[in-house]
1. Can you check how the C-alpha radius of gyration of the chain compares to 2.2 N^0.38 Å, as a plain ratio?
2. Can you pull the one-decimal nm distance between simple spin-label points at residue 23 and residue 40, each 7 Å off the Cα toward Cβ?
3. If you take the beta carbon distance between residue 221 and residue 118 as r and set R0 to 30 Å, what does 1/(1 + (r/R0)^6) give as a FRET efficiency, to the nearest 0.05?
4. Determine the relative contact order of the chain: mean sequence separation of Cα pairs under 8 Å and six or more apart, normalised by residue count, in whole percent.
5. Take the Cβ-Cβ distance between residue 67 and residue 230 as r, set R0 to 45 Å, and report the resulting FRET efficiency rounded to the nearest 0.05.
6. Among all helices in the chain defined by DSSP H, which have a length of 30 Å or more along the axis from Cα atoms plus a Kyte-Doolittle mean of at least -1.0?
7. Tell me which residues come under 5 Å, amide H to amide H, from residue 167 once H is placed; ignore anything under 5 positions away on its chain.
8. Looking at the range 8-237 only, what percent of DSSP beta bridges run antiparallel? Nearest 5 please.
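Please treat every number below as a calculation from the coordinates, not as lab data. Just so it is clear, the model here is predicted, and its values are computed rather than measured. In this analysis, Cβ positions are derived from the backbone assuming ideal geometry, glycine residues included, and neighbour counts consider all displayed protein chains.
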Amino acid sequence: MDEPKYKRVLLKISGEALAGEKHFGLDFQVLGQVADVIKECVNMGVQIGVVIGGGNFWRGVKNGEGHIERTRADHMGMLATAMNCMALADVLEQKGVDVRLQTALEIREVAEPYIRARAVRHLEKGRVVLFGCGVGCPFFSTDTAAVLRAAEINADVILLAKNIDGVYDCDPAKNADAVKFDAITYDEVLKRHLAVMDSTATSLSMDNHIPVLVFALKDPYNIVRVLRGEKIGTIVKEA
């Protein structure tokens, strides 16, 4: 088998992607497919940290706006990410994958508190580390959490698995003439206000020189293809 292109990665999965066609909650067929692919990546010798969004249960800004104070709404979103991480952890364990769940908010009964050195040690031992509860602070997205954790664990790349297959010059759902980029710089993403990640996450990845690969989770095997160096989706990097 070819050597994987990346040795240590941070996989960011949107919560919406885990809902599949249901658009809410969890689609266990999708979860099973994602777990199978993560297991294959571990067998390839890749060290994997995972951050999952919570949008399949709750989006703080969208769902709480006008009804719940922003800080509390964001904390609810953090708990939604923990639920997703617990579900994926269980499915992975059923498939024989060694997993550790760490959360930025302390939930001692179900997860370890996030400790960087411990997370790195788990990765070195071949365990998949799931990072829940974002960064533990309101006003920061799980995209920002993904970049922060990637920087902390010295990941080679951020794999951004979304409902869309790359970065476009405009919303392809609204414009049939939207053009997909094979590669684009952080500066261009920020200048064009492209919806890859929020601006905080994009700036943080730029400042820490971490490339971001954006691709569709519709076919979870894309994760393996990316690790093998196949050209899929869009890479966001320095000029």
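1. For the chain, the normalised Cα radius of gyration comes out at 0.95.
2. Computed distance between label sites residue 23 and residue 40 equals 3.0 nm.
3. Step by step, r from the Cβ atoms, then E = 0.45.
4. Computed over the chain, the figure is 22 percent.
5. So, using R0 = 45 Å, E works out to roughly 0.50.
6. 70-94
7. 181, 234
8. Restricted to the range 8-237, the bridges split so that about 15 percent are antiparallel.
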